[in-house]
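Below is one structure; the comments refer to it alone.
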Amino acid sequence: MTLSPTRWLSLFYIHFFLGWGIYLPFWSLWLKGQSLTPALIGILLGVAQGTRAMGSLFITTRIRRSEQLMPAARLLSLATLVLFCGFLLPQSLPLLLGLTLISSLLYSPLMPISDAIATRMVAQIGIDYGKVRLWGSVAFVVMSTLMGYLTGLWGSQAVLWCLLVTQMMMFLGTLPAMSVPLTDGAAAKASTPWLELLKLPKLRRFLFTNMAIQGSHAAYYGFSAIYWQSLGISAGTIGFLWSWGVVVEVAVFFFAKRLFGNKRASWLLSIAACAVMLRWSGTAFASSLWQLVLLQAMHGLTFTLAHLGAITYISKELPRHHGVGTQALYSALALSLSVAAMMLVTGGLFEALGGKVFLVMAALGLPALLLARKVRPIEDPA
């Protein structure tokens, strides 16, 4: 069976984010069902977050050519499925810790690998990345909403069984061939090691820009629900606010090529940095629902536009042999470690500052803007 690159990638994003829509919001609920204390759950989730960053960095960067991306996706999908089956066994804390470490290590590279396949196809045949990636956002909203009902019907064990189904779907979805083979060409250079990439000032500037922008979402991910609840907003309305942000994300992805197809990464990242300052400053003082609805619509700028800027940079403004390594660095540093580090900072500040902690997030927009304006393409010296 052969699928077009657009269909293959759309299916992969759907299957990955169906699982992510279970794992991210509900895995703590399954852990609680294993009679773990909140402190132990926090430790396991923290270990998983750190290990995901290491998986993106140390596994993805071992891929040296584009031809290796799809075999790697198949192997990691199968390994992840097998490891998640291990959670069906009678659990002890050492087993839970071991399975968490290894599954997080192998699960995390699937996202940068899929984005690396997508950026290669953007460069190779000009696919519309936004219209491919939006299906992942749709799948996340649908699955996270559905799981709320399923856990109410069947309890926390539904989390694991539904996750296993999505992992099986993801593995089976990687098996078809792609009608346009991934290729770097016979004369192409092997992928640049990530340590070598970090020596490039232009690339460091790109990474620091994205770390500031994505790290600014930490208070939102960690404490928005608690803060909004303190304002008297119901749990159902909080769920709507989160879903509304993702709906706008989908819309931006859908129109991305039409609106931003000719824009440079520096322009996209600069707009995202300005939106960071505006969104989080507003969130610190917003107290009514209509204000939060407007501010949540800016998720399409602070997250989606920044992500599109990163994809534009990797697919169009770098030498081809820098692509996979940069994708891994972006995933590990901007999407994982920077958010984890800022969560530690905001966790310590939230009790003292309450909603004003979002001003700390807003402050990250200024260095992001100064850096983004100086993000420049890297030319291949050869």
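Among the trypsin sites (Lys or Arg not before Pro) in the range 143-233, those located in a DSSP loop and surrounded by at most 14 other Cβ atoms within 10 Å of their own Cβ are Lys199. Here the dipole of the range 41-122 is about 220 debye; that uses its Cα centre as origin and unit charges on the Cβ of Lys and Arg (positive) and Asp and Glu (negative). Put +1 on the Cβ of each Lys and Arg and -1 on the Cβ of each Asp and Glu in the chain; which of Pro176, Phe253, Leu337 then has its Cα farthest toward the positive end of the dipole? Towards the positive end, the residue furthest out is Phe253. Full extension of the chain between Leu146 and Leu366 yields a length gain of 75.4 nm, computed as 0.36 nm times the residue separation minus the alpha carbon distance.
Treating the Cα atoms of the range 302-365 as identical point scatterers in vacuum, please give the log10 of the normalised Debye intensity I(q)/I(0) at q = 0.19, 0.22, 0.30 Å⁻¹, two decimals. Debye curve over Cα of the range 302-365, log10 I(q)/I(0) at q = 0.19, 0.22, 0.30 Å⁻¹: -0.80, -0.93, -1.23. How large a share of the accessible area of the chain, in percent, is made up of carbon and sulfur atoms when the probe is 1.4 Å and the other protein chains stay in place? Carbon and sulfur atoms account for 70 percent of the accessible area of the chain.
Matching the structure-derived log10 I(q)/I(0) by the Debye sum over Cα atoms at q = 0.07, 0.08, 0.09, 0.14 Å⁻¹ against the labelled list (i) -0.51, -0.62, -0.73, -1.20; (ii) -0.30, -0.39, -0.50, -1.31; (iii) -0.35, -0.46, -0.58, -1.28 gives the label (ii).
Within the range 289-382, report the GluC sites (Glu not before Pro) that DSSP leaves as loop and that have at most 11 other Cβ atoms within 10 Å. Answer by residue number: Glu379. In the range 5-139, Cα pairs under 8 Å separated by at least six residues give a relative contact order of 47 percent.
Each Lys and Arg adds +1 at its Cβ and each Asp and Glu adds -1 at its Cβ; summed about the Cα centre, the chain shows a dipole of about 840 debye. Take every pair of alpha-carbon atoms less than 8 Å apart whose residues are at least six positions apart; their mean separation over the length of the range 77-197 yields a relative contact order of 35 percent.
Considering helices alone, the calculated mean residue ellipticity of the chain at 222 nm is -24000 deg cm²/dmol, with DSSP H runs of length four and up weighted by -39500 (n - 2.57) and normalised per residue. Using a cutoff of 8 angstrom between alpha carbon atoms and counting only pairs six or more residues apart, the relative contact order for the chain works out to 28 percent. Among Ile102, Ile233, the sequence by solvent-accessible area, most first, with a 1.4 Å probe is Ile102, Ile233.
Looking at the range 267-382, the accessible area is 39 square angstrom per residue; that uses a 1.4 Å probe and ignores ligands, DNA and RNA.
The values are calculated or read from the model by the stated rules, or taken from the named source; none is laboratory data. Model, not experiment: these values are computed from the prediction. No Cβ is skipped: glycine too gets one built from the backbone with ideal geometry, and neighbour counts run over all protein chains shown. Heavy atoms of the whole protein, side chains included, go into the accessibility calculation; ligands, DNA and RNA do not. Shrake-Rupley method; radii C 1.70, N 1.55, O 1.52, S 1.80 Å.
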